[in-house]
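Asks: First, the structure itself, so that you have it in front of you.
The values are calculated or read from the model by the stated rules, or taken from the named source; none is laboratory data. Note that this is a predicted model, so its numbers are computed, not measured. Ideal geometry is used to build each Cβ from the backbone, glycine not excepted, and the neighbour counts take in all protein chains shown.
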Amino acid sequence: MKVIAAMSGGVDSAVAAARAVEAGHDVTGIHLALSRNPASYRSGARGCCTLEDANDARRAADVIGIPFYVWDLSERFHEDVVVDFMDEYAAGRTPNPCLRCNEKIKFAAVLDRALGLGFEAVATGHYAQLRTAADRTVELHRAVDHDKDQSYVLGVLTQDQLRHSLFPLGDTTKTEIRAEAAERGLLVAEKPDSHDICFVSDGDNAGWLREKLGERAPNHGGAIVDASSGQELGRHDGTYGFTIGQRRGLRLGTPAADGKPRFVLDIEPVSGTVTVGPRDALTVDRIDADRPRWCGAVPTSYPVSVGVQLRAHGAEHRARLTVSGDRVAVELLEPAQGVAPGQAAVIYDGTRVLGSATIVATSRIGADA
């Protein structure tokens with residue numbers, strides 16, 4: 001099979017490409033140029049997709065013995081991922097740009113181009129597993145390495161995209177992958193993993209948004225108000241600098257009357273008001289979501305018992321799921337805290353990913369009692 005191996009310049013994608021070759025595929029390596037100014041993206045282990053990473057990917061391809069090319073998708077990445085990130089924060093929501101990148105770039109733009117060039121699949125270094133069911137459906141499952149499992153950020157993939165995907169690392173732990181890379185003579189064997197958001201090089205989301213949004217920001221300041229007393233506890237420089245559940249960086253000038261720490265409960269971009277309250281006020285047991293993307297057949301009998309994961313490396317919660325058209329209702333049997341609109345609710349049946357939806361609202365226990 002003719003396969004495109006997406007090579008980020010890290011150890012995982014390099015070993016994935018090598019394994020695809022060993023499996024007998026005709027492999028071509030590609031590196032995605034996603035930054036308009038790649039020299040500015042990496043800082044230590046932060047970020048990815050830089051000139052440094054492109055060179056590391058090229059050297060790995062040379063060691064593996066496969067052709068290598070750089071595909072410039074910087075304009076598409078900016079429009080579909082970076083602008084979406086800015087718009088979501090400006091609207092008071094908390095997006096996950098990695099899901100959007102997988103949906104719009106790696107398994108849409110890249111796969112479409114690959115198929116157009118005569119390739120049959122795209123291989124990546126994601127930690128997840130694919131299984132073919134008796135009815136020939138391709139199922140997406142968690143990786144064996146629970147700590148590295150990336151099925152959450154792949155929950156946006158459709159059945160057609162899964163049929164053209166390869167995840168060679170899903171049955172292996174990260175420790176074993178690094179050892180294998182060293183045995184293969186890959187210089188990236190000990191390269192640190194990238195983390196945080198690749199286009200925010202210093203990890204300061206609020207500072208980055210302040211610079212990029214400029215006059216497009218919905219506000220440039222407002223009140224931080226206590227949910228219990230209605231008292232103004234402080235001021236802020238823009239609602240885009242906050243997310244639901246945040247505790248650090250609130251800079252409250254006045255302590256709450258009960259003396260307890262305060263967390264962000266609500267963000268209102270129009271008025272510029274950030275509402276804070278005690279930790280227990282973050283607890284929710286109902287989630288409303290929209291824009292579902294199903295990895296296979298949509299469940300038809302409701303409510304159905306499922307597992308739901310609300311963060312990339314968060315716990316899985318037992319839940320009951322009901323779907324009505326493009327609306328998804330989730331009743332959490334194990335309440336969660338700090339769930340923010342804009343995040344993804346990824347739905348599981350055991351280790352299998354059923355699909356994902358974007359959270360639009362949550363309900364707190366007892367709020368409608």
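Asks: Of these, Val304, Val276, which one is surrounded by 22 or more Cβ atoms within 10 Å (Cβ to Cβ) and either over 22 Å from the mean Cα position of the chain (by Cα) or among the charged types (D, E, K, R) (or both)?
Replies: Val276
Asks: Residues Leu250, Leu166, Leu140: which one is in contact with a strand residue (DSSP E or B) (Cβ under 8 Å, 6 or more places away or on another chain) and over 30 Å from Tyr127 (Cβ atoms)? Outline the logic, then answer.
Replies: Values: Leu166 fails: over 30 Å from Tyr127 (Cβ atoms); Leu140 fails: over 30 Å from Tyr127 (Cβ atoms).
Matching residue, one of Leu250, Leu166, Leu140: Leu250.
Asks: Let me ask something else. Could you grab me the full set of residues in the range 250-271 that are buried (at least 20 other Cβ atoms within 10 Å of the Cβ) and more than 24 Å from the chain's Cα centre (by Cα)?
Replies: Correct list: Arg262 only.
Asks: Right, next: Which numbered condition trips up His313, out of (1) at pLDDT below 95; (2) under 30 Å from Asn219 (Cβ atoms)?
Replies: (2)
Listed here are the residues, each with its yes/no results for (1) surrounded by 14 or more Cβ atoms within 10 Å (Cβ to Cβ); (2) modelled with pLDDT of 95 or more.
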residue	(1), (2)
Glu180	yes, yes
Glu183	no, yes
Cys198	yes, no
Leu209	yes, no
Lys212	yes, no
Gly222	yes, yes
Arg248	no, no
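Asks: Follow-up. Kindly indicate whether any position in the range 147-159 is within 20 Å of Ala23 (Cα to Cα) and buried (at least 18 other Cβ atoms within 10 Å of the Cβ).
Replies: Applying the first criterion (within 20 Å of Ala23 (Cα to Cα)) to the range 147-159 yields none.
No: zero hits.
To keep it simple, each residue is scored yes or no on (1) touching a residue at least 60 places away in the same chain (Cβ under 8 Å); (2) in contact with a Lys or Arg (Cβ under 9 Å, 6 or more places away or on another chain); (3) aromatic (Phe, Trp, Tyr); (4) not assigned by TED's automatic domain parsing to the domain that holds Asp12.
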site	(1), (2), (3), (4)
Leu162	yes, no, no, no
Ser165	no, no, no, no
Glu176	no, no, no, no
Leu186	yes, yes, no, no
Arg210	no, no, no, yes
Asp226	no, yes, no, yes
Ser229	no, no, no, yes
Glu232	no, no, no, yes
Asp237	no, yes, no, yes
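Asks: Checking the conditions here, which among Ala133, Ala128 is of a type in the set (Gly, Ala, Ser) and free of Cβ contacts under 8 Å to residues at least 12 places away in the same chain?
Replies: Ala133
Asks: While we're here: State whether one or more residues within the range 55-68 are β-branched (Val, Ile, Thr) and within 18 Å of the chain's Cα centre (by Cα). Before the answer, list the steps.
Replies: We begin by selecting, within the range 55-68, every residue β-branched (Val, Ile, Thr); these are 63-64, 66.
Still in the running and within 18 Å of the chain's Cα centre (by Cα): none.
No.
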